[in-house]
């Protein structure tokens, strides 16, 4: 029998997971609820999903519930589904900043809670999801969670106390990378290259560089040194970045991101 997975929220992240899981029809049955009925109607045309009319009904009918909604509306969602939850169901959240204790407080101390932090490259099957498990989640259920998120990319497990810290590194970081690509392309356009070609070249350079880090196992600094010939062009660019505080700017931005994630947790009283 397929595992019944319900999605509360079908936006970017919910939609990415639905897309990734839809290729495994014999393994998973997908149920979706979203306030945006136009979105769910379109989704039902694209993927083998069943649409329901309330989050409570979805919860009552599914073995796994994935809450893909913003942190600010999570509490209202939990209040709606609390009566339909029971200890046999697995609840997975993708919301930033909200700790496992927040969900247990709203759903019950015996509920099985999984806190995840995916990122938007999941939309193309290249996501990075970090996962933390509540105390009642079994090894078999942990494997199920891993299989679900492997449908949209890579998965790593982390202690929950570090989940707010990892947001800046995985979930929010695509935004920094997109800005970096855009800035490189802007400089190329200023030098006379066509805009579309500039985006392609910049994006491929970033993607290839990232693959080198993952596949060679070499320290990023060592890979950087391989490009920097004595008195060459690259070392001039690196020196300019250092003068402008490139590394410090990135570190500061990530610390600001982490501080906001912690703040979201505090706002819940956890």
Q: Quick one: order 142, 255 by neighbouring beta-carbon count within 10 Å, fewest to most.
A: 255, 142
Q) Using the count of nearby Cβ atoms within 10 Å as a rough guide to exposure, how do 57, 115 rank from fewest to most? A) 57, 115
Q: If a/c stays under 1.5 just call it rounded; otherwise compare a/b with b/c (prolate if a/b is bigger, oblate if not). Do that for the chain, with a ≥ b ≥ c from the square roots of the Cα gyration tensor eigenvalues.
A: prolate
(Q) To check you understand DSSP bridge types, tell me what percent of the beta bridges within the chain (both residues inside) are antiparallel, rounded to 5. (A) 15 percent
Q | Principal-axis tilt of helix 12-21 within the chain, Cα atoms, nearest 10 degrees | A | 80 degrees
Q | Cα centroid separation, the range 195-268 to the range 43-108 (Å) | A | 36 Å
Q. Equivalent-ellipsoid semi-axes (√(5λ), Cα gyration tensor) for the range 223-270, whole Å, largest first?
A. 38, 10, 4
Q) How big is the Rg/Rh ratio for the range 171-265, C-alpha atoms only, Rh by Kirkwood, two decimals? A) 1.01
Q) Using alpha carbons only, how many degrees (0 to 90, rounded to 10) separate the axis of helix 233-243 from the longest principal axis of the chain? A) 60 degrees
Q) Which FRET efficiency value, to the nearest 0.05, is calculated for residue 140 and residue 38 with the Förster distance at 30 angstrom and r the Cβ-Cβ distance? A) 0.20
Q. Going by how many other beta carbons lie within 10 Å of each one, how would you line up 103, 28, 199, fewest first?
A. 199, 28, 103
Q | Estimated FRET transfer efficiency (residue 72, residue 179; beta-carbon r; R0 25 Å; 0.05) | A | 0.50
Q) What is the range 171-265's relative contact order, in percent, from Cα pairs under 8 angstrom and six or more apart in sequence? A) 15 percent
**Q.** Label-point gap, in nm, between residue 79 and residue 218 - each point 7 angstrom along Cα→Cβ
**A.** 5.7 nm
(Q) Once you compute Rg and the Kirkwood Rh from C-alpha atoms, what is the Rg to Rh ratio for the range 32-162? (A) 0.94
Q: Just need the relative contact order of the chain here, percent rounded to a whole number, with Cα pairs under 8 Å and 6+ apart.
A: 15 percent
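Rule-based calculations on the coordinates, nothing more; no lab input. Treat the numbers as computed from the prediction; the structure is a model and nothing was measured. Neighbour counts run over all protein chains shown; Cβ positions are idealised from the backbone, glycine included.
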